[in-house]
Amino acid sequence: MYIHTKKPARRVVPTRTKYSEYRSDLELDFNGACGYCDDNNLRVDSVCFHIDHFAPKSLFPLLQNEYTNLVYSCRFCNQCKSSHWIGNDATIPHDGQKGFIDPCSNEYDQNLERDSYGRIRGKTELGRYIVRRLNLNLIRHELLWNARRARSLRDVIPTLTEKYEAAGLPNNAIYTSLLKRYMELTKQIESYELCAING
Ligand SMILES: [Zn+2]
């Protein structure tokens, strides 16, 4: 499977004077999720979501405000990536074995994948380097992906209960009430979680 639920894609956006002014553009283009691990910003302190400089700004200050060099990133990936870079050429992000890949590129998916449990794995030596360097095998990335999957399954419940109710079979009343109760409870837990995370 692909890492991203929806592949990030940078649009052509108006030029801004500081990279921090691109935050809302990046949030939109990266679908509110980290470019590297796809953790959603609603679940992981959106105010602390970082703007990563793909080619590090400490090494390549001229690219500091270049939109095509920016990645919307969770703090876990951004901190791990830090100012690591192979060589001293901003146009050479990797040597085929070590280095990084822009998550908006198809090359990212050719080198990294997500298994059926939600774990991020390298498909190639370069992909495995990226997993190690960015700590993409953290349990949080796996759990947050599974939580997203559980929420999308839950969203099917109203259609399911409608079908059960329309069928009108005696046992269906038990199933529908259980499903509705499950949906109510998980929504309550979710709204508590979101309040706890985002204040
Ligand atoms: Zn991340």
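Per residue, the chain reaches -13000 deg cm²/dmol at 222 nm when only DSSP H runs of four or more residues are counted, each adding -39500 (n - 2.57). Distant-in-sequence amide contacts of Lys123, defined by a placed amide H-H separation under 5 Å and a gap of 5 or more residues or a different chain, comprise Leu112, Glu113, Arg128.
Tell me the per residue accessible area of segment 155-198 using a 1.4 Å probe; a whole number in Å² is fine. Write down the numbers at each step before the final one.
Details: 3430 Å² over 44 residues.
I get 78 Å² per residue for this part.
Applied to segment 96-103, the Karplus parametrisation 6.51 cos²θ - 1.76 cosθ + 1.60 on θ = phi - 60° returns per-residue 3J(HN,Hα) values of x, 10, 10, x, 10, 10, 4, x Hz, with x for Gly and Pro.
Rounded to the nearest 10 degrees, what's the angle between the helix 125-134 long axis and the longest principal axis of the chain, both from Cα atoms, 0 to 90? Tilt of helix 125-134: around 80 degrees. Using a simple spin-label model with pseudo-atoms 7 Å out from Cα toward Cβ, Arg133 and Glu21 lie 3.1 nm apart. Count Lys and Arg as plus one, Asp and Glu as minus one, and take only other residues whose Cβ is under 11 Å from that of Thr124; the net charge is then 0. Summing charges over all other residues whose Cβ lies under 12 Å from the Cβ of Thr68, with Lys and Arg as +1 and Asp and Glu as -1, gives -2. Angle of helix 172-198 to the longest C-alpha principal axis of the chain, folded into 0 to 90 degrees and rounded to 10: 30°.
Within the accessible area of segment 155-198, the carbon and sulfur atoms contribute 62%, probe 1.4 Å, all protein chains present.
The 3J(HN,Hα) values that the Karplus relation (6.51, -1.76, 1.60; θ = phi - 60°) gives for segment 80-91 are, in residue order, 5, 6, 6, 10, 5, 6, 8, x, 10, 10, 5, 8 Hz. Gly and Pro appear as x.
How much length would be gained if the chain were fully extended between Gln110 and Thr186, taking 0.36 nm per residue of separation minus their Cα-Cα distance, in nm to one decimal?
Numbers: separation 76, 0.36 × 76 = 27.36 nm, distance 3.56 nm.
Net length gain for the segment: 23.8 nm.
Taking a Cβ cut-off of under 12 Å around Phe54, the surrounding Lys, Arg, Asp and Glu residues balance to a net charge of 0, with basic ones at +1 and acidic ones at -1. Computed over all pairs of different Cα atoms, the Kirkwood value for the hydrodynamic radius of the chain is 18.7 Å. Estimated translational diffusion coefficient (Stokes-Einstein, Kirkwood radius over Cα pairs, 4 °C, 1.567 mPa s) of segment 136-199: 95 µm² per second. The C-alpha radius of gyration of segment 81-124, expressed as a fraction of 2.2 N^0.38 Å, stands at 1.28.
Sequence-ordered 3J(HN,Hα) estimates for segment 143-159 from the Karplus curve with 6.51, -1.76 and 1.60 and θ = phi - 60° stand at 5, 5, 5, 5, 5, 5, 5, 5, 5, 6, 5, 4, 5, 7, 4, x, 5 Hz, glycine and proline given as x.
The values are calculated or read from the model by the stated rules, or taken from the named source; none is laboratory data. What you are looking at is a predicted structure, and each value in this text was computed from that prediction instead of being measured. Reconstructed Cβ throughout: ideal geometry from the backbone, glycine too, with neighbour counts over all protein chains shown. Remember, those area values only see protein heavy atoms, side chains included, never the ligands or the DNA or RNA. Shrake-Rupley method; radii C 1.70, N 1.55, O 1.52, S 1.80 Å.
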